[in-house]
Every structure is written in C-alpha cells, then in structure tokens.
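Scroll down for the structure; my scribbles are underneath it.
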Amino acid sequence: MLEAGIKAPDFELPDKNGVLHKLSDYKGKKLILYFYSRDNTSGCTKQACGFGELYPQFLEKGADVVGISKDSAASHLKFSEKYNLPFTLLSDTELTVIKAYDVWQEKKMYGKVSMGVVRTTYLIDENGMIDKVFKRVRAAENPQTMLESLQ
C-alpha cells in the first residue's frame, strides 16, 4: 500500500461513458478514492450503495468520491444505473492505476491463493497528496468511516 504524506499517483481512466478522468480534475477538493474488486458482488454493492447514500454529505464537506475497479466501462454503466450511483466509477482494465496504488496483491479465499484487488480507500487532499490510507476495509462500514475521516 502507499503511505500517507506522499503525492498520489496521477491517473487517466474512462468512466461509464468513456469520458477520461484525471487526478488533476479533483484539485482543490478532497477525494475519496476507493478500489474494489468487481461490480455487482455483495460487498462491492454494499460499499457503492453506502457511498451513494452519503454522497450529498461528502459534497457538503468539499469531497468527491471515485471508485476504481478492473471492470469495463459497460459494466460500470450497468452497475451505476442499477443502483442509481451518483458518483464516478472508473475502469482500469489494464490494472495500471490499481498497480500504481499498490492494491493488486495476493489474496487468499477458501484456501486458494490468487491475485486481486485488495479493498482499499485513499483520502487525497486538495493538493493531490495522500492524507490517509484505509487498508483492507470492511465494505459496508467504509463509506461512514470515510465521512467521519473528513471531520
């Protein structure tokens, strides 16, 4: 994982409509940048819906929310529409940003070892510096924890 106090790696990824987003697009506001495994899985859906419900409160506190997974833009479009998600989901099919943020790691599930995205959330400040790192977060609790971290 990356550590707090360093410059967040820049990125340029497409959203559900193919529009490219860069880290610099969020300069001047705090950014909740969360990495998750897959659209429409139980934990990832709870996490996304939690961020969706709290999204107006994040905006009130001067923060935006962006989720990144290796799913396609088309998958993000369906996922976003199905759950009426008001924030941006970015597609990193090449794992470029996922690896840059050091969340592509070895995982164990039911005794099987594989590589995958470790659920991680970064709080990035207005100047693009990593303020806080939340490692191996609990999906359902992560949105509330991130809102409280903005206090």
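Return yes when TYR122 is hydroxyl-bearing (Ser, Thr, Tyr), modelled with pLDDT under 95 and either over 15 Å from the mean Cα position of the chain (by Cα) or crowded, with 17+ Cβ neighbours inside 10 Å (or both) and no when it is not. Break it down stepwise before answering.
Values: hydroxyl-bearing (Ser, Thr, Tyr): yes; modelled with pLDDT under 95: no; either over 15 Å from the mean Cα position of the chain (by Cα) or crowded, with 17+ Cβ neighbours inside 10 Å (or both): yes.
No: the conditions fail for TYR122.
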Inset, instruction - Scan the stretch 119-143 for residues that are in a loop (DSSP other than H, G, I, E, B) and farther than 10 Å from PHE35 by Cβ and report the count. - result: 10
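Could you tell me which residue of the stretch 125-138 is surrounded by the fewest Cβ atoms within 10 Å (Cβ to Cβ), considering only residues that are aliphatic (A, V, I, L, M) and modelled with pLDDT of 95 or more?
In the first step, residues of the stretch 125-138 are kept if they are aliphatic (A, V, I, L, M); the result is 129-130, 133, 137.
Remaining after also requiring modelled with pLDDT of 95 or more: 129-130, 133.
On the way: MET129: 13, ILE130: 21, VAL133: 17.
Among those residues, the one meeting the criterion is MET129.
Determine which member of the set LEU23, LEU95, LEU59 is farther than 13 Å from THR120 by Cα, touching a Gly at 6+ places or on another chain (Cβ under 8 Å) and modelled with pLDDT of 95 or more. If you could, list the steps in order and put the result at the bottom.
Details: LEU95 fails: touching a Gly at 6+ places or on another chain (Cβ under 8 Å); LEU59 fails: touching a Gly at 6+ places or on another chain (Cβ under 8 Å).
That would be LEU23, the only listed residue that is farther than 13 Å from THR120 by Cα, touching a Gly at 6+ places or on another chain (Cβ under 8 Å) and modelled with pLDDT of 95 or more.
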Legend entry - Index of the failed condition, SER75 passing every other in (1) in contact with a Phe, Trp or Tyr (Cβ under 9 Å, 6 or more places away or on another chain); (2) surrounded by 14 or more Cβ atoms within 10 Å (Cβ to Cβ); (3) not hydrophobic (A, V, I, L, M, F, W, C): (1)
Inset, instruction - Return yes or no: is GLY116 out of contact with any Pro (no Cβ under 9 Å at 6 or more places or on another chain), farther than 13 Å from ILE32 by Cα, surrounded by 15 or more Cβ atoms within 10 Å (Cβ to Cβ) and at pLDDT below 95? - result: yes
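This table checks each residue for (1) surrounded by fewer than 17 Cβ atoms within 10 Å (Cβ to Cβ); (2) in contact with a helix residue (DSSP H, G or I) (Cβ under 9 Å, 6 or more places away or on another chain); (3) closer than 23 Å to VAL137 by Cβ; (4) not acidic (Asp, Glu).
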residue: GLU3; (1), (2), (3), (4): yes, no, yes, no
residue: PHE11; (1), (2), (3), (4): no, yes, yes, yes
residue: ASP15; (1), (2), (3), (4): no, yes, yes, no
residue: GLY18; (1), (2), (3), (4): yes, yes, no, yes
residue: SER24; (1), (2), (3), (4): yes, no, no, yes
residue: LYS30; (1), (2), (3), (4): no, yes, yes, yes
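The values are calculated or read from the model by the stated rules, or taken from the named source; none is laboratory data. Please read all numbers here as calculations on a predicted model, not as lab measurements. Reconstructed Cβ throughout: ideal geometry from the backbone, glycine too, with neighbour counts over all protein chains shown.
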